[in-house]
Amino acid sequence: MSEDIRKRAAELREALHRHNYLYYVLDEPEISDAEYDRLMQELIALETAHPELIEPDSPTQRVGALPLEKFETVAHTIPMLSLENAFGKEEVLAFDQRVRRFLNRDWPLVYTAEPKMDGVAVELVYENGRLVEASTRGDGYTGELITLNIRTIKMVPLVLLDTVSVTIPSRLEVRGEVFIPVEAFKQLNKERLDKDEPAFANPRNAAAGSLRQLDSRITATRPLDIFCYGVGMVTDVEFASHWEILQSLKALGFRVNPHIKARATIEEILVYYKDLLDRRHEFPYEMDGVVIKVDDLALQRKLGEKSRSPRWALAYKFPATQETTRVVKIDVQVGRTGALTPVAHLEPVSVGGVTVSRATLHNEDEIKKKDIRMGDTVLIQRAGDVIPEVIKVITTKRTGVEQPFRMPATCPVCGAKVVRLEQEAVSRCVNANCPAQVKERIKHFASKGAFDIDGMGDKLVGQMVDKGLVKSYADLFFLDKATTAGLERMGEKSAQNLMDAMAKSKQISLARFVYALGIRHVGEHIAHVLARTFESLKALMAATAEELVAVDEIGPQVSQSVRAFFENPENQRNIERMVEAGVTLETEEGATKETLAGKTFVLTGALDSMMRSQAKARIEALGGKVSSSVSRKTAYVVAGKDPGSKLDKAKEIGIKILDEKEFIEMTRTK
Ligand code: D41
């Protein structure tokens with residue numbers, strides 16, 4: 001092999017590490033995704049042709065090939081201590097008093113405070129700038145070795161950035177919290193439900209479950225992210241303050257939360273806490289409080305630790321999202337596929353500022369496992385805007401009158417038989433014409449990812465089905481305005497709006513159409529795969545089971561379900577009627593209208609509701625482009641918080657400037 005090839009491979013590795021950092025850590029890419037892919041493909045090609053070139057920290061080597069048998073355990077060089085909790089302002093002020101008394105100080109102390117991420121604590125070990133080991137916190141003294149799983153997280157550097165500002169230590173232990181952002185969590189759960197896999201209760205469980213995979217190829221598919229907040233053992237470098245540690249971690253290529261409050265008095269920290277608490281729902285990830293730390297490391301050393309937590313740190317938690325209440329009754333809800341989901345009706349209780357009166361109980365086995373009975377006092381939890389859940393029964397509150405739940409033998413809505421197949425966790429109503437199923441199918445049909453019919457709310461669908469106006473989704477397109485206007489809470493104006501919305505929805509992509517049909521096991525993603533592969537509805541309807549399973553990502557279950565759906569004469573008839581009503585399929589895949597084609601955007605400053613990469617994705621999904629510098633060719637400059645000189649330049653040459661709200665409005669996809 002020539003020296004040139006070796007040199008080129010090294011060049012590519014370095015470039016890819018850098019662009020990975022710019023994209024995933026800084027969220028400020030300098031090259032397009034396509035260009036990044038080209039570099040990656042070139043490196044893969046070189047490494048395939050010359051396997052001796054492959055190095056463990058090549059950017060191509062994030063995902064391992066083989067699953068582990070089990071995780072090894074490792075001892076942390078320095079224990080990962082836990083945090084003392086505080087739940088009120090008084091406790092925080094008492095902490096400050098205690099620390100100052102201990103240090104014999106009557107003047108204010110300097111603290112640094114950071115959002116407390118609700119995820120999984122991990123330690124990353126670097127030797128001579130290379131990631132060699134990663135482990136969970138475990139009990140604080142020993143954890144599990146999850147190096148292969150951590151390597152799959154693109155926000156984790158495999159190789160440290162070499163800059164002038166920080167020496168690369170021969171050994172560096174970095175601590176951080178791995179988490180899953182809320183939107184990505186919801187998407188992950190949606191995909192799991194589509195595949196009939198159990199949903200995760202909350203983002204933290206999803207992150208923990210993802211890190212606990214023995215097969216790193218599975219972990220690689222999970223949207224994990226990390227914020228680093230501290231160090232364990234570090235050689236060769238001396239830090240003076242916590243703030244300096246955070247800055248150095250940033251300089252070495254780690255992701256550090258940008259919302260950290262640097263060097264402030266305890267009063268300022270209290271204001272910071274209040275602000276984060278008020279705005280916590282604007283963040284793309286879950287936080288459960290603020291971690292307050294004495295900034296000066298010399299003072300930290302003086303303070304030391306007591307039992308298992310440092311005296312110099314405090315977790316000021318956000319108000320609990322857990323509460324106890326009573327289960328008044330348990331009934332069942334009938335879903336789109338006839339699945340019966342037990343729901344607990346609760347005595348209303350405020351959980352973290354939101355009144356909760358219901359909680360999902362998932363299925364019969366879950367109720368049995370937790371032994372939840374009507375009349376029980378239970379601990380419930382609400383995480384983000386996820387449906388509240390029953391964590392456990394407070395058995396000491398039992399009086400003996402509590403009634404166990406039994407799955408009904410007949411559907412509570414239509415009275416048809418309920419069956420539970422042997423290999424399934426759910427019971428189902430067997431009547432496909434059950435009004436509850438019909439309503440759910442229509443709601444799904446009209447939902448955002450499907451026909452996206454504006455104004456087709458739950459109440460309206462309920463009335464339409466109850467009055468016998470619609471028996472299937474195809475009937476929607478044959479509704480007339482007068483009938484619609486006669487429904488409760490409707491009128492001329494809203495009926496017209498609904499008619500307009502339906503007319504507009506008739507132009508639809510094949511993928512959305514297939515998703516809208518509500519075929520079991522066919523979620524948004526699988527619908528896309530099917531649309532991309534078969535390109536027309538006719539071809540998809542004609543596809544044999546063999547042709548279907550031959551498609552990547554389509555297994556026997558999906559294949560069987562798709563066949564059964566299209567073989568059903570009633571479904572065929574419904575599809576024909578929709579075509580008669582004027583539903584037309586845009587055959588092209590990804591048929592979102594390219595409303596921003598030819599328009600170039602420049603992003604400057606931080607957006608509150610999304611990362612730069614997400615903003616970029618929104619623009620590109622509509623055919624627009626993102627550029628890093630403002631010129632006369634720029635169509636719009638999107639200005640977030642703390643915009644840079646790009647905004648000044650845009651103003652100077654008269655480019656249209658969008659604020660965050662305007663930007664979101666412009667890039668909303670139907
Ligand atoms: O964001 C967090 N979850 C977080 C956790 C944080 N920002 N800082 C932390 N600092 C510490 C000390 C002060 C003990 C180094 C922590 C944790 N500990 C921690 N995470 C899990 C157990 C302890």
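The values are calculated or read from the model by the stated rules, or taken from the named source; none is laboratory data. All figures in this text were calculated on a predicted structure; none of them were measured in a lab. FYI the Cβ positions are ideal-geometry reconstructions off the backbone, even for glycines, and counts take in every protein chain you see.
Scanning region 544-567 for residues that are outside any helix (DSSP H, G or I) and either within 31 Å of the chain's Cα centre (by Cα) or modelled with pLDDT of 95 or more (or both) yields a total of 6. Are any of the residues in region 216-233 among the acidic types (Asp, Glu) and within 16 Å of the ligand (Cβ to nearest atom)? Looking through region 216-233, at least one residue is among the acidic types (Asp, Glu) and within 16 Å of the ligand (Cβ to nearest atom).
Taken over region 263-273, the residue count meeting the criterion of being assigned to a helix (DSSP H, G or I) and over 13 Å from residue 115 (Cβ atoms) is 5. Of the residues screened, residue 137 is one that is within 13 Å of the ligand (Cβ to nearest atom) and of a type in the set (Lys, Arg).
Figure legend. Inter-residue proximity from region 245-265: first residues at positive phi, second residues away from the ligand (no atom under 13 Å from the Cβ) and part of a loop (DSSP other than H, G, I, E, B), beta-carbon distance below 8 Å, spacing 6+ or different chains. Indicated pairs: 253/157; 253/160; 253/161; 263/110.
Being among the charged types (D, E, K, R) and touching a helix residue (DSSP H, G or I) at 6+ places or on another chain (Cβ under 7 Å) is the filter here; which residues of region 57-97 pass it?
Here is the first cut: in region 57-97, the ones among the charged types (D, E, K, R) are 57, 62, 69-70, 72, 84, 89-91, 96.
Listed by number, the residues that qualify are 62, 89, 96.
The combined condition, being in a loop (DSSP other than H, G, I, E, B) and more than 30 Å from residue 311 (Cβ to Cβ), is not fulfilled by residue 166.
For residues that are of a type in the set (Ser, Thr, Tyr) and assigned to a helix (DSSP H, G or I), scanning just region 211-235, find the one that is surrounded by the most Cβ atoms within 10 Å (Cβ to Cβ).
219
Checked against (1) in contact (Cβ under 8 Å) with a residue 12 or more places away in the chain; (2) out of contact with any His (no Cβ under 8 Å at 6 or more places or on another chain), residue 567 meets all criteria but (1). Applying a threshold of 8 Å to beta carbon distances and a minimum spacing of six or more residues, or different chains, the list of pairs starting in region 170-187 at a residue that is within 12 Å of the ligand (Cβ to nearest atom) and ending at one that is in a helix (DSSP H, G or I) and modelled with pLDDT of 95 or more reads 174/249; 178/150; 178/207; 178/211; 179/207. For region 169-203, what are the residues that are in a loop (DSSP other than H, G, I, E, B) and out of contact with any Pro (no Cβ under 6 Å at 6 or more places or on another chain)? 169, 170, 195, 196, 197, 198, 199, 200, 201, 202 - these are the residues of region 169-203 that are in a loop (DSSP other than H, G, I, E, B) and out of contact with any Pro (no Cβ under 6 Å at 6 or more places or on another chain). Could you check, for region 449-458, whether at least one of its residues is free of Cβ contacts under 8 Å to residues at least 24 places away in the same chain and either touching a helix residue (DSSP H, G or I) at 6+ places or on another chain (Cβ under 6 Å) or among the acidic types (Asp, Glu) (or both)? Yes; the residues of region 449-458 include at least one that is free of Cβ contacts under 8 Å to residues at least 24 places away in the same chain and either touching a helix residue (DSSP H, G or I) at 6+ places or on another chain (Cβ under 6 Å) or among the acidic types (Asp, Glu) (or both). Can residue 122 be described as within 25 Å of the chain's Cα centre (by Cα) and within 16 Å of the ligand (Cβ to nearest atom)? Yes, satisfied. Of all residues in region 283-301, those that are within 10 Å of the ligand (Cβ to nearest atom) and of a type in the set (Gly, Ala, Ser) total 1.
Within region 634-647, if we keep just the residues that are without any contact (Cβ under 8 Å) to a residue 40 or more places away in the chain and surrounded by 12 or more Cβ atoms within 10 Å (Cβ to Cβ), the residue that is nearest to the chain's Cα centre (by Cα) turns out to be 640. Summed over region 103-118, residues that are modelled with pLDDT under 95 and either buried (at least 17 other Cβ atoms within 10 Å of the Cβ) or assigned to a helix (DSSP H, G or I) (or both) total 1. Within region 140-152, the only residue that satisfies the criterion of being assigned to a loop (DSSP other than H, G, I, E, B) and away from the ligand (no atom under 16 Å from the Cβ) is 152. Among the strands (runs of 3 or more DSSP E) confined to region 307-423, the ones with at least 1 residues that are touching a helix residue (DSSP H, G or I) at 6+ places or on another chain (Cβ under 9 Å) and at pLDDT 90 or above are located at 313-317, 322-334, 340-351, 377-381, 389-393. Residues considered: 75, 34, 45. Of these, the only one that is within 26 Å of the chain's Cα centre (by Cα) and either within 16 Å of the ligand (Cβ to nearest atom) or over 21 Å from residue 249 (Cβ atoms) (or both) is 34.
So for region 608-623 (the condition being under 16 Å from residue 32 (Cβ atoms) and over 23 Å from the mean Cα position of the chain (by Cα)), does at least one residue qualify? Yes: region 608-623 contains one or more residues that are under 16 Å from residue 32 (Cβ atoms) and over 23 Å from the mean Cα position of the chain (by Cα).
Take region 303-336 and flag every residue that is more than 16 Å from the ligand (Cβ to nearest atom) and either crowded, with 18+ Cβ neighbours inside 10 Å or within 25 Å of the chain's Cα centre (by Cα) (or both). Result: 319, 320, 322, 323, 325, 327, 330, 332, 334, 335, 336.
Regarding region 13-29, can at least one residue be identified that is surrounded by 13 or more Cβ atoms within 10 Å (Cβ to Cβ), part of a loop (DSSP other than H, G, I, E, B) and either modelled with pLDDT of 95 or more or of a type in the set (S, T, N, Q) (or both)? No, region 13-29 contains no residue that is surrounded by 13 or more Cβ atoms within 10 Å (Cβ to Cβ), part of a loop (DSSP other than H, G, I, E, B) and either modelled with pLDDT of 95 or more or of a type in the set (S, T, N, Q) (or both). Of the listed requirements (1) away from the ligand (no atom under 16 Å from the Cβ); (2) part of a helix (DSSP H, G or I), residue 208 misses just one: (1).
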